[in-house]
Amino acid sequence: MQSILLNTKDAAALCGVTIKRWRTWNTLGKIPAPLRIGKNFFWKHAELVRWVEADCPARKHWNTESGKKSGKGLPNPQKTGKLSNPAGKTS
């Protein structure tokens, strides 16, 4: 049975590259973002398969295509002055 999460060694092997190259690609943002658990990095097996089938796009394109939210680019309500007021109160 295939593991759901792959460590660095197994993710690199799945994609046919060395651990050193896999780590370099991770640092450069060329592979999907890993999950970090403690000091360890893991990749979802199914995501890596989809990533390869999509011709291995860079992380910035993959995160957009796969519907993941990076948290960047969201408006800051304190800077825009558009704070939500759920109770409808006026100051």
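Pairs of Cα atoms in the stretch 5-70 fall into 10 Å distance bins, from 0 up to the last occupied one, in shares of 21, 61, 17, 0 percent.
Going by neighbour counts of Cβ atoms within 10 Å, the residues Asp10, Asp55 line up, fewest first, as Asp55, Asp10.
Per-residue 3J(HN,Hα) values for the stretch 23-34, derived from phi via the Karplus relation 6.51 cos²θ - 1.76 cosθ + 1.60 with θ = phi - 60°, read 5, 4, 4, 5, 4, 7, x, 8, 10, x, 5, x Hz in sequence order (x marks Gly and Pro).
Values quoted throughout were computed directly from the atomic coordinates according to the rules given, and no laboratory measurement underlies them. Values in this document were obtained by computation on a predicted structure and should not be read as measured data. Ideal geometry is used to build each Cβ from the backbone, glycine not excepted, and the neighbour counts take in all protein chains shown.
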